[in-house]
Structures are given as C-alpha cells and as structure tokens.
Amino acid sequence: MVNHKISRRTLLTGTAAAGALGLTGMPARAEVNWKKYAGTKLEVILAKGPRGDNLQKYVKEFTELTGIQVEAEQIPEQQQRQKVVIEFTSGRPSFDVVHLSYHVQKRQFEKAGWLADLTPFMKDPALTAPDLVESDFSAAGLQYARNDKGQMLSLPWSVDYFILYYNKELFEKKGVAVPKTLDEMAAAAEKLTDTKEGIYGFVGRGLRNANMAMWSNFFLNYGGEFLDAKGNILTDGPEAIAATKLYQTLLTKSAPPGVAGFNWMESMASFTQGRSAMWIDGVGWAPPLEDPAASRVVGKVGYTVVPAGPKGQYSSTYGDGIGVAAASKNKEAAYLLCQWVVSKTQGARLLQAGGGVPFRNSILGDAEVQKGVKTKEWLQSVIDSGKISKLGLPVVIPVAEFRDIVGAAVTATLSGADPAAELKKANDQYRPILERSEKA
Amino acid sequence: MSALTQSTPGAAQSDVAPEKALRPPSYWPFVVPALVVVIAIIIFPWVFTIWMSLNEWKVGSSTTFVGLSNYLRLTSDPRFIEAVGHTLVYTILSVLLPLVLGTFAAVVFHQKFPGRGFLRGVFIMPMMATPVAIALVWTMMFHPQLGVLNYLLSLVGIPAQLWVFHPATVIPSLVLVETWQWTPLVMLIVLGGLAAIPTEPYESAQIDGASIWQVFRFITLPLIMPFLFIAGMIRMIDAVKSFDIIFAITQGGPGSASETINIYLYSVAFSYYDLGYGSAIAVVFFLLIVLLAAVMLYARQRMLWTEIASGT
C-alpha cells in the first residue's frame with residue numbers, strides 16, 4: 001500500500017512538472033483554471049472493465065484537483081450500450097459524461113447529434129492543458145473521434161489492437177518458428193495440433209458477431225476493404241472469401257472442438273490452460289495470461305503482431321472514447337473530467353496495469369512510462385501494431401446487424417458450409433439494411 | 001313540489017330513468033381503477049405496439065409512417081422465416097418430450113412404494129431453480145472438452161458430442177434442458193388427474209385379463225387426457241416464448257442455428273434499435289401464440305364432446 005502511494009505521488013508531481021515545462025515553452029498561453037467549476041456534480045456512465053476501474057480508482061484525485069464531485073457507475077458493456085442509447089433517445093440523459101465504443105457507436109452517435117462538440121473547449125487555454133492537442137492522438141483515434149466536419153465529439157481514450165499470442169513452450173516442443181505470414185500460421189497451427197494430447201494449434205472467436213473482430217484481421221490482410229467509394233458493402237468479394245477460407249481451415253482443422261461457440265473468454269481459457277498454441281485477440285489480455293493464479297502459461301507467452309497476408313499487414317483496431325452529452329448542463333466541468341481521463345497520469349496507469357492502450361503518442365512513446373510496463377514483449381507488440389493499425393469494422397450505423405449477419409455466415413462455414421455461398425447470402429441480406437439506414 | 005309524494009317504487013323508477021343518461025351509474029368509481037390499470041398496462045401498450053409496427057422507427061432518427069411495409073419485409077426476411085422454423089421445432093419437441101416423460105413419471109409416482117413422498121420431492125426440484133442459473137450450469141456441462149456430459153458418454157464408449165456447439169445438435173440439446181426442467185410440472189398435473197380416476201374400470205379390466213399396456217392405453221390415457229391437454233397448453237405457451245434458457249446458453253448460436261422468434265425480436269429491438277420492425281415481429285409473434293392456443297382449445301373442446309358422444 002505504502003509503496004503504491006509513493007508511486008502515485010511521484011507520478012503526479014512528474015505530470016505537474018511536465019505541465020510546467022510545457023507552459024514555459026508557450027508563454028502566450030494562460031493557465032487552466034481547474035477550480036472554476038468547483039462544487040459541480042457530474043454523472044458518468046461507464047462500460048464495465050479495466051478502463052472504468054482505472055477511472056473509479058483514482059477519481060478522488062480529480063475531485064481534489066477541481067472540486068468537482070463525480071458519481072460514476074459501471075455497467076456490463078452490452079447493457080451499458082443499450083442504456084445509453086435509450087437515455088439519449090429520451091432527450092434527457094441522466095449522465096453528463098459517457099464512455100462509448102467507437103467501433104459500434106461512432107456513426108450512430110454522430111448522426112443523432114448526442115455528443116457535445118469539444119473543439120472549442122480544446123482551443124480554450126483556460127480549459128485545456130497545453131499538452132493536450134489533437135495531433136497527439138494516433139490517426140485511428142482521430143478517425144474515430146472526429147466527425148466529417150472535423151469536430152472532435154469525444155476524446156479518444158483507449159485503443160484495442162489485435163495481436164498474436166503464442167505459447168513458446170509448445171512452439172519449442174514441436175520446433176515451430178513464429179509465423180510471419182498467414183499461410184505460415186495455418187501450417188504452424190496444423191503442425192502444433194496434437195489431438196491425442198488435447199493440444200490445438202490455434203484458438204479464436206468462433207461465436208457469431210464476436211468473431212468478426214478476429215476475421216477482419218484476415219480480411220484486411222488479404223487486401224479487403226469494407227466499403228467502396230459509394231458506401232456499398234464489399235464483404236462477398238474474393239478477399240472476403242479467401243479470409244473466410246483461412247478462418248474455416250484454422251478453426252476446423254487446428255482448433256478445439258466446439259470453437260463455433262467460443263468468444264474471447266472461452267478462447268482465453270483454452271490458451272491459459274496451455275491447450276492452444278496460438279490465439280489472436282485484443283491487446284488487453286496480458287494481465288490474466290501473466291497471472292499465476294489464473295494461468296498455467298505464465299512467462300511462456302510470446303506477443304507479436306498479426307502475421308502478414310498476401311496483400312498487406314494490418315492490425316484490426318477498435319477503441320473507446322469518452323465524451324460529453326450534448327444535453328448536459330455542465331459541459332465545461334464534464335470536459336475537464338474527460339481531459340483528466342485521457343491525461344498522461346491516467347494513461348500511464350492504464351498502460352502499466354495492462355488494462356488498455358492510450359491513443360496519445362506522447363504517453364505510449366514516453367521512456368519513463370514504458371519503464372513501468374512489466375511485459376516488454378507485449379509493449380513492443382502494441383507499439384508495432386500501432387504502426388499497422390486499420391479500423392476493424394465498417395464505420396456505418398447498423399454495425400450490430402453487420403456483425404450478426406456476416407458473423408453468422410462465417411460461423412456457418414465451421415460446420416462445412418461453402419464460404420463463397422454463405423458470404424453472398426449474408427451480403428444480400430445485409431445490403432438492404434445498410435441502404436435503409438443510410439437513407440434515413 | 002311533488003318530491004315528497006313520489007315515494008312509490010314505480011314513480012321512483014320513472015324518475016331515475018332520465019337521470020341515468022346524465023349521470024354515470026353508481027358502480028363506476030369501483031370499476032374505474034381496474035379499467036385504468038387494464039388500459040394503461042395492457043391495452044395501451046398493445047395499441048402502441050401496433051402503431052409502432054406501422055412506422056419506420058430507428059432509435060436516433062425520426063419516425064415515418066410506412067403502412068404495412070414492415071410486415072411485407074418480414075415475408076422476405078430469411079432470418080425471420082428461419083426463426084419461425086426454429087421456434088416450431090423447439091416448441092413441438094419441448095411440449096412432446098415433457099408430456100411423454102411426465103406422464104410416465106406420474107404413473108410411476110402414482111404407485112405406492114416406500115420413500116415415494118421424498119422421491120416426488122426430489123423429482124420436482126428442477127422446477128424450482130432459476131432458469132438463467134441452471135442455463136449457466138448446463139452450459140458448463142455441455143462443454144465439449146471440460147463438460148461432464150461428454151465424460152459420462154466416454155464411460156460407455158460413446159464419442160464426444162458437440163451439444164450446443166453444433167448447428168445440428170443445438171436445438172435438441174436446448175430441449176434437453178427444457179425437458180429436464182419442466183417434466184416435473186407435467187408430472188404434477190397428471191398426478192392430480194390420476195388421483196381423480198375411479199378404481200372400478202381397473203377392477204373390471206383386471207377381471208377381463210387386460211395387460212398393463214392395455215389398461216394404460218384404454219383406461220388411464222383417455223381419463224387423463226383433459227389433464228394432458230392442460231399440461232400441453234401450459235407447456236406450449238411457455239415453450240413458444242422461451243427466452244432465458246436459449247439466451248443464456250447460446251444467444252441464438254452457433255451462427256443463427258437456435259435463433260427463435262423471441263431471440264431475433266430481442267436483437268432487432270435492442271441491439272439494432274429498429275423499433276418499428278421489432279414491433280411488427282412482436283405483433284406477428286403474438287398472433288402466432290393466439291392461433292396456437294386457439295387450436296389447442298378447439299381440439300380440447302372437440303375431444304370432450306366426442307368423448308361424451310361416444311360414451312367413454
């Protein structure tokens with residue numbers, strides 16, 4: 001406990017010093033008046049997870065800094081998304097600050113005009129610390145947070161890249177090298193599979209909807225694009241078919257039985273039990289994999305970027321942001337909280353706990369912050385993935401329908417259905433839904 | 001005035017009649033609360049659902065009246081048609097299996113044997129459990145690698161099954177859970193029926209030398225038929241609208257192999273936020289339930305009459 005407190009203080013003073021340095025460099029800028037909204041009470045709605053934990057754990061520091069009271073509640077992701085939408089629709093949301101999933105909600109929130117424009121706040125030196133500038137966020141973050149008019153509707157909070165986790169022990173045992181291409185990966189997976197021992201070469205999401213997050217890695221690396229210039233969906237072309245064939249081969253030949261019902265949780269269980277040699281999923285799972293109480297593969301896990309496909313190498317990217325409700329009466333105070341959430345101190349804590357990856361390059365690239373990260377190989381895979389990041393889902397309103405319909409088609413191939421025919425069918429089913437939503 | 005003289009009953013009546021038209025009858029205050037509740041929580045939601053189903057209404061965008069186009073969309077929506085098929089298969093199986101097994105259990109538990117009361121109590125325990133909780137337990141039992149079901153199969157030399165993880169076996173596996181939970185209910189209802197059967201027909205059958213099967217087929221079964229119909233109807237309504245077990249175990253998967261109308265409806269309304277289309281599905285779903293219930297009631301009515309007519 002004591003140690004923990006000291007490190008927290010050091011971090012705080014460190015940030016303060018950094019802020020002061022920034023000020024000396026820019027004499028024209030006024031200082032942020034943190035206390036201006038003291039006494040305000042903010043309501044925050046969060047999706048349950050490490051990001052929410054990180055906020056709630058340290059929010060007292062924000063109250064000390066600003067005098068703003070924060071009531072934050074965490075709700076499981078799916079329910080949080082529903083609750084937020086219903087409350088926004090009512091016109092009087094009960095919260096000022098909202099945690100959103102860009103890959104699902106970006107277009108929906110923009111089109112409905114539910115979020116306040118933060119651009120003027122960011123330009124106001126009395127509200128924004130000098131180190132918080134748009135150009136500090138990664139390209140994916142800006143792509144997510146800005147609308148087509150260039151307004152910042154939220155602050156990018158945490159990015160999720162897909163990476164390849166592998167079991168070094170199983171690789172050594174079979175003398176297999178870490179795959180650099182998707183073809184090598186399929187071959188390695190087959191070689192690593194030993195059904196008699198109950199060991200499988202590969203595991204990953206087979207469950208409809210969830211599986212799209214992994215499938216899109218293959219799709220992008222085979223050169224796929226989700227939408228053409230006119231906004232038509234392209235997930236039945238040759239790239240999608242090739243990606244689905246690879247998905248089908250991997251999950252039917254080299255994955256544990258029942259993988260068609262696996263989400264990340266079941267996949268992780270198989271991997272932490274040492275039953276699967278490779279796993280592709282989001283970057284956030286290093287803490288459970290390296291936790292001796294929950295994992296049998298502690299210290300044996302390798303972390304690397306998703307192998308390259310014939311047309312490129314990308315890491316499917318997803319992310320969360322934090323924004324202010326347009327209907328809120330305390331927008332400035334709410335903005336201060338958002339700013340604190342994506343601050344260097346909070347971002348460093350998030351990264352060091354392995355609970356997420358800040359979108360801000362100044363945090364990820366900071367040598368001091370990097371020193372605090374326990375698993376260096378993991379950090380390297382994160383940095384490398386950032387360089388090849390590409391959005392993993394089409395930016396449209398009916399994302400849930402897309403994930404369900406195309407996801408079901410992809411899952412169907414695991415019980416022997418033909419990839420081309422299934423994707424064609426799914427596309428025919430999805431196209432009118434997309435057209436209807438864009439027309440509305 | 002003549003008010004004082006109008007005390008005869010006939011005169012009083014003639015006096016009340018015109019007043020009736022102006023003033024609501026005196027029982028109104030007693031009826032109004034119930035009426036308000038019925039309108040607010042039954043009639044209004046229904047009318048509103050029907051109204052919504054005639055509109056294109058996606059959360060976050062404006063509402064436009066589109067007439068019957070949501071219903072037309074249903075006819076060409078392969079996912080909906082598939083869901084209707086799944087619902088029917090799921091319903092038929094999860095009505096028939098508990099009926100057969102429940103009747104068998106009732107006949108067994110109707111016999112007098114030591115420990116009967118205790119065993120009856122044990123038998124009805126699944127019914128008391130919360131569906132979502134038992135669904136989670138079954139999910140673990142179904143697990144192809146770690147589940148106890150495959151372990152039990154391996155003991156008798158049967159290869160491991162994929163249970164809810166394969167499109168071909170997912171619905172039968174879910175029906176297994178449903179059957180496990182609701183067979184006791186059928187048993188309770190049929191036991192009540194068995195207790196009401198007179199003993200004379202059995203005595204005469206014994207004298208005539210009927211076999212056990214004949215006794216069951218020609219005496220017990222016809223006499224408990226009305227009870228089976230009640231049990232069947234309760235089961236059917238429950239099975240058609242089953243949601244919790246399917247949602248907790250498979251969420252309609254793998255793919256959409258166990259997506260029933262209810263699960264699809266949930267996705268459309270709360271995950272796609274397409275309230276207009278979701279309402280249209282709800283209306284069709286409601287009509288389907290009404291239709292099934294009507295068919296059952298009609299069949300029951302006919303059966304009772306033919307029984308009386310044929311003198312059984």
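Bear in mind that the values in this text are calculations on the coordinates, not laboratory data. A quick note: this is a predicted structure, and the numbers were derived from the prediction, not measured. As a convention, Cβ positions derive from the backbone with ideal geometry for all residues, glycine included, and neighbour counts pool all protein chains shown.
Sort out for me the Cα centre separation of region B:37-59 from region B:89-134, rounded to whole Å.
38
May I ask what percent, to the nearest 5, of DSSP beta bridges between residues of chain A are antiparallel?
Close to 65 percent.
If I build a Gaussian network model for chain A, linking alpha-carbon pairs within less than 10 angstrom, which residue out of A:Ile86, A:Ile363, A:Ile199 has the largest mean-square fluctuation?
Top of the fluctuation ranking is A:Ile86.
Going through region A:163-210, which GluC sites (Glu not before Pro) have at most 15 other Cβ atoms within 10 Å and a DSSP loop state?
Answer in residue order: A:Glu197.
Report the longest stretch of chain A that contains none of the trypsin sites (Lys or Arg not before Pro) sitting in a DSSP loop with at most 10 other Cβ atoms within 10 Å.
A:1-148
Which residues' amide hydrogens lie under 5 Å from the amide hydrogen of A:Asp366, considering only partners 5 or more residues apart or on another chain, with H built in the peptide plane?
For A:Asp366, whose amide H was placed from the backbone, there are no distant partners under 5 Å.
As a test, work out the antiparallel percent of DSSP beta bridges whose residues both lie in the protein assembly as shown, rounded to the nearest 5.
65
Each residue of region B:178-187 in turn: what ³J(HN,Hα) in whole Hz from Karplus with 6.51, -1.76, 1.60 and θ = phi - 60°, glycine and Pro shown as x?
Whole-Hz 3J(HN,Hα) from phi for region B:178-187: 4, 5, 4, 7, 10, 4, x, 5, 4, 4.
On a C-alpha basis, how far is the centre of region A:418-440 from the centre of region A:29-72 in Å? Whole number, if you could?
43
Near the amide H of A:Val306, under 5 Å away, which other amide H atoms are found, from residues 5 or more places off or on another chain, if H is placed in the peptide plane?
A:Leu164
Comparing B:Asp244, B:Asp77, B:Asp274, which has the greatest mean-square fluctuation in the GNM of chain B with Cα pairs linked when under 10 Å apart?
Most flexible of the set in this elastic network: B:Asp77.
Rounded to whole Hz and in sequence order, give me ³J(HN,Hα) for region B:51-58 from the Karplus expression 6.51 cos²θ - 1.76 cosθ + 1.60, θ = phi - 60°, writing x for Gly and Pro.
Here the 3J(HN,Hα) series is 4, 4, 5, 9, 10, 8, 9, 10 Hz.
Just how far, in whole angstrom, is region B:165-197 from region B:268-286 if you go by their alpha carbon centroids?
If you average the Cα positions of each part, the centres end up 29 Å apart.
Using modelled amide H (1.01 Å from N, peptide plane; none on Pro or chain starts), what sits under 5 Å from the amide H of A:Gly312, excluding residues fewer than 5 places away?
Here nothing satisfies the definition.
Which one, B:Val164, B:Val95, B:Val32, has the greatest fluctuation when you compute a Gaussian network model over chain B with C-alpha springs under 10 angstrom?
B:Val32
Rounded, prolate or oblate: which one fits region B:71-310, using the alpha carbon gyration tensor with axes a ≥ b ≥ c (rounded when a/c is under 1.5, else prolate when a/b beats b/c, else oblate)?
Oblate is the answer for region B:71-310, as a/c is 1.5 or above yet b/c matches or exceeds a/b.
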